[in-house]
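Asks: One structure, as C-alpha cells, below. Some questions next.
The values are calculated or read from the model by the stated rules, or taken from the named source; none is laboratory data. Here the structure is a predicted model, which means the values were calculated and not measured. Cβ: placed from backbone, ideal geometry, glycine included. Neighbour counts: every protein chain shown. We work out accessible area using only protein heavy atoms, side chains counted, and drop any ligands, DNA or RNA first. Shrake-Rupley method; radii C 1.70, N 1.55, O 1.52, S 1.80 Å.
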Amino acid sequence: MKKILIVFLLLGFLLTSCNDDEGGGFIINRLILNVQFPELPVPPDNPLTDEGVQLGRMLFYEKQLSSTSTISCASCHHQELAFSDSNPVSFGVDDRVGTRQAMPLFNLAYTENGFFWDGRTDILRHQSLQPIQDELEMDESLANVIEKLSNEEMYPNQFALAFGDRSITEERIGLALEQFLTSMVSDNSKYDQFKRDEVELTESELSGQQLFVVKNCINCHLRFNFDDDENRFLNNGLDAEEDIQDFGRELVTGNRQDRAKFKVPSLRNIEVTAPYMHDGRFQTLEEVLDHYASGGKASQTTDGSVRGGFDLTNDERRDLINFLKTLTDDDFLTNPELASPF
Ligand code: HEC
Ligand code: HEC
C-alpha cells in the first residue's frame, strides 16, 4: 500500500514538472537532449599549440601528400560540407574510386570507439597517416612525402616552430594532423544556441525535436554529439541479408554478429553532408526518414529499435527535417581558421 502511494506521489510530481515546462518542450527532452560539451579531450603527449595546429592545417590542404601531388585531405573533406564529400564514394589519385562515403570531420577528439565507419583505427595520429598510404586515396609512401616536404623551405621551418627542430618525421606529420583535427570543434549550431537560451526555435523545429524523441532517433543518436553514448556499432537496416555488400564492423572484429554494423554517425551539420550512410545511398534527408519510417530491411543484425518502423505524416516529416537543420553550425562551416592557409 505504501509503495503504491509513493508511486502516485512520484507520478504527480512528474506530471506537474512537465506542466511547469510548457513552451520549451517536455522536460524529458531537456534531460535527454543535453548538448553540454565536456571539456575537449586533448592527448597529454600532444597538447595543441598554435604552431602545431597551423602545421596540421598546412598538411591537411597539402597536395604533395599524394603520389600525383593532385589530392589533399581537403579534396575529399570540404569545409563547407562539414569536411565531408558530396560524392557517394570518394575519388582518390587517378580518379580511383573508394568504397565508402567520406565522413564529416568535427568533434573527433570526443570519439571513443575508433575512427572510420568501422572504428578500425584507435587514435587520430595513426588515422591521419592511413589516407596518405591508402592506394585508393592518396597512394603515397611516407618516405616520399617526407622528401617532398623537406625540399620546400616553409615546411622545415614550420616543423621547427611546432616541434623544436627542422626534422620531418612520420610521427610529427601524424601529431600535427592530430592537432589540427582536434581543433575542429563544432558546437555552435542553432540548437546549441537554443539550449543556451540565446535563440528561439520555431513551432516546426520544436515539434521536430519532439518527434526526434518520439520516433526513437534518440535511441542511437544521443549524447551532445548526436551519436551513440554507448559507442555501439549498429545495423540500421539498410539491406536484407543477401544484399549486404560491406560487412562493416565484422571486417575489424571477425565476429559474425557484427555484420553490416557501422559507427552511429553524428547528426550535427547533417543538412550539408549529403549523400547519407556509409555508401552514400540516400541523396536527401527525406529519403533517410522514409527509410526509418519503413522499418528498414530485416537481416540477422538489424537493430530491434528500427524494425517495425512508424507512421510519418508529411507535416511530421517536414518538422523533423527542420529540427535536424537546427544542428547546422554556420560558424564552423565558414571558420577562417579551418580554411586553406594557401
Ligand atoms: C580520396 C578521398 C579521401 C582523402 C584524400 C582523405 N580522406 Fe579521410 N576519409 C575518406 C573516406 C571515404 C572515409 C571513410 C573511410 C572508411 O570508413 O573506411 C574517411 C574518413 C576519415 C576520418 C574518420 C572520421 C571519423 O569520424 O571516424 C578522418 C579523421 C579522416 N578521414 C581524415 C583524413 C585526413 C587527415 C586526410 C589527409 C591526410 C584524409 N582524410 C584524406 C576519404 C578521404
Ligand atoms: C538502431 C540505431 C539507430 C536508430 C534508431 C536511428 N539511427 Fe540513424 N543511423 C544509425 C546508424 C548505425 C547509421 C549509419 C548507418 C550506415 O551508414 O550504415 C545511421 C545514419 C543516419 C543518418 C546518415 C548520417 C550520415 O552521416 O550519413 C541520418 C541522417 C540518420 N541516421 C538519422 C536518423 C533519424 C532522423 C532517426 C530517427 C527517425 C534515426 N537516425 C534513427 C543508427 C540509428
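Asks: Name the residue farthest towards the positive end of the dipole of the stretch 50-184 from the options Phe106, Ser141, Ile123, assuming +1 on Cβ of Lys and Arg, -1 on Cβ of Asp and Glu, about the Cα centre.
Replies: Positive-end residue among those listed: Phe106.
Asks: Taking the chain as a Gaussian network, Cα atoms linked when under 10 Å apart, which of Ala109, Ala143, Ala82 shows the biggest mean-square fluctuation?
Replies: In this elastic network of the chain, the residue with the biggest mean-square fluctuation among Ala109, Ala143, Ala82 is Ala143.
Asks: Follow-up. What is the set of long-range amide H partners of Gly248 at a cut-off below 5 Å, with H atoms built 1.01 Å from backbone N?
Replies: It is Ala260, by chain and number.
Asks: Still on this structure, please answer the following. Please label the shape of the stretch 189-342 as rounded, prolate or oblate, based on the square roots a ≥ b ≥ c of the eigenvalues of the alpha-carbon gyration tensor (a/c under 1.5 means rounded; beyond that, a/b larger than b/c means prolate, else oblate).
Replies: oblate
Asks: Shifting gears a bit: Could you state the orientation-averaged shadow area of the convex hull built on the Cα atoms of the stretch 50-184, in nm² to one decimal?
Replies: 7.6
Asks: Here is a further query. Going by amide H atoms built from the backbone, whose H comes under 5 Å of the H on Gly309, apart from near neighbours?
Replies: Answer set, sorted by chain and number: Gly295.
Asks: Something else: Taking the Cα centre of the stretch 50-184 as origin, work out the dipole magnitude from +1 charges on Lys and Arg Cβ and -1 charges on Asp and Glu Cβ, in debye rounded to 20.
Replies: For this selection, approximately 140 debye.
Asks: Still on this structure, I have one more. Taking the Cα atoms of the chain alone, what are Rg (to one decimal) and Dmax (as a whole number) in Å?
Replies: My reading of the Cα-based Rg and Dmax gives 22.3, 83 Å.
Asks: From the residues Phe233, Pro88, Ile168, which one has its Cα farthest along the dipole of the chain in the positive direction, the dipole being from +1 and -1 charges on Cβ of Lys/Arg and Asp/Glu about the Cα centre?
Replies: Sorting the options by dipole projection puts first Phe233.
Asks: A further question follows. On average, how much accessible surface per residue is there in the chain, in Å², for a 1.4 Å probe, leaving out ligands, DNA and RNA?
Replies: 49
Asks: Taking every DSSP beta bridge with both residues inside the chain, roughly what % is antiparallel (nearest 5)?
Replies: 75
Asks: Turning to a different aspect of this structure: Can you list the GluC sites (Glu not before Pro) in the stretch 117-182 that are in a DSSP coil and have 12 or fewer other beta carbons within 10 angstrom?
Replies: Those satisfying the criteria are Glu135, Glu152, Glu153.
Asks: Mind telling me which of Asp197, Asp228, Asp290 comes out most flexible in a GNM of the chain, alpha-carbon contacts under 10 Å?
Replies: Top of the fluctuation ranking is Asp197.
Asks: Next question, about the same structure. ³J(HN,Hα) across the stretch 279-284 via Karplus (A = 6.51, B = -1.76, C = 1.60, θ = phi - 60°), whole Hz, x for Gly/Pro?
Replies: Along the stretch 279-284, the couplings run 10, x, 6, 9, 7, 10 Hz.
Asks: Please list 3J(HN,Hα) in residue order for the stretch 167-180, calculated via the Karplus relation 6.51 cos²θ - 1.76 cosθ + 1.60 where θ = phi - 60°; whole Hz, with x for glycine and proline.
Replies: Whole-Hz 3J(HN,Hα) from phi for the stretch 167-180: 6, 9, 10, 3, 4, 5, 4, x, 5, 5, 5, 4, 5, 5.
Asks: Per DSSP H run of at least 4 residues, take -39500 (n - 2.57); add these up for the chain, divide by its residues and hand me the 222 nm value, nearest 500 deg cm²/dmol.
Replies: -10500 deg cm²/dmol
Asks: Moving to a separate point now. Could you tell me what percent of the accessible area of the stretch 181-339 is made up of carbon and sulfur, with a 1.4 Å probe and every protein chain present?
Replies: 45
Asks: Go through the stretch 43-58 residue by residue and turn each phi into a ³J(HN,Hα) via Karplus (6.51, -1.76, 1.60, θ = phi - 60°); whole Hz please, and just put x for glycine and proline.
Replies: Going residue by residue, I get x, x, 8, 8, x, 6, 10, 4, 5, x, 4, 4, 5, x, 5, 4 Hz, with x marking Gly and Pro.
Asks: Which GluC sites (Glu not before Pro) does the stretch 36-86 hold that lie in a coil by DSSP with at most 14 other beta carbons within 10 Å?
Replies: Here the sparse-neighbourhood loop sites are Glu39.
Asks: Which of the trypsin sites (Lys or Arg not before Pro) across the stretch 272-342 are loop residues per DSSP, with 15 or fewer other Cβ within 10 Å?
Replies: The qualifying sites are Arg281, Arg307.
Asks: Take the chain, connect every pair of alpha-carbon atoms lying under 10 Å apart with a spring to form a Gaussian network, then pick out the residue of Gly280, Gly164, Gly208 with the largest mean-square fluctuation.
Replies: Gly164
Asks: Using a 1.4 Å probe, how large is the accessible area of Glu205, given in Å² and rounded to the nearest 10?
Replies: Glu205 exposes around 20 Å² with every protein chain in place.
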